[in-house]
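First up is the structure itself, then whatever we jot down about it.
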Amino acid sequence: MYHVARQEGTAHLDRPHVIVHRMKLYGGEVAVVGGIPVTTPERTWLDMAEMLTVDELVAMGDSCVRIPRLSLEGRDAPLCSIADLQRMIDRHKGKRGLRKAKEAIKFIRVEACGHRLRNDCSVTALLSVQ
């Protein structure tokens, strides 16, 4: 299955194996990668808040904002910043998943490795006590 986003108010698209999501897209929320328009990492993060758990959103957010390793990834800038994620939250009042996104952003860290849980410190402390 392919998931595609279309601007609200555009013509209906009916294709086999394609799920169309109609959404409000503001300027700067779409980028072109390899000639294909795609939503930006911060917009994709917010859209995923409808389906992911808070912990999964934290891990996805960590991956978006972390500083990449140039020698391994061919880039030296993060996909977006925590401020970009916050801007998405502020811009899309009433969007599904917004409550989870607001909770997740509290735990997103630039220095994180992208796969930690928001309560990883508590779990580690608990395990070391036993």
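One table, with the values for the structure above:
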{"quantity": "Gain on full stretching of the segment that runs from Val4 to Arg91 - 0.36 nm per residue minus C-alpha separation", "calculated": "29.2 nm"}
{"quantity": "In the range 8-82, trypsin sites (Lys or Arg not before Pro) in a DSSP loop with at most 14 other beta-carbon atoms within 10 Å", "calculated": "Lys24, Arg69, Arg75"}
{"quantity": "Chymotrypsin sites (Phe, Trp or Tyr not before Pro) restricted to the range 1-82 and DSSP loop, no more than 16 other C-beta within 10 Å", "calculated": "Tyr26"}
{"quantity": "Over the range 1-102 - Rg/Rh using Cα atoms and the Kirkwood inverse-distance radius", "calculated": "0.98"}
{"quantity": "Förster-model FRET efficiency, 41 Å R0, Met51 and Ser71, C-beta, rounded to 0.05", "calculated": "0.75"}
{"quantity": "Environment charge of Pro37, counting only residues whose C-beta is closer than 14 Å and scoring Lys/Arg +1, Asp/Glu -1", "calculated": "+1"}
{"quantity": "Cut-off 13 Å between beta-carbons: net charge of the residues surrounding His3, Lys and Arg +1, Asp and Glu -1", "calculated": "+1"}
{"quantity": "Under 20 Å from Lys106, Cα to Cα: aspartates and glutamates that are on another chain or at least 8 residues apart", "calculated": "Glu42, Asp47, Glu50, Asp55, Glu56, Asp62, Asp84, Asp90, Asp120"}
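Each value in this text was obtained by applying a stated rule to the coordinates, not by laboratory testing. In this text, all values refer to a predicted model and were calculated from it rather than measured experimentally. Methodologically, a virtual Cβ is constructed for each residue, glycine included, from the backbone with ideal geometry; neighbour enumeration extends over all protein chains shown.
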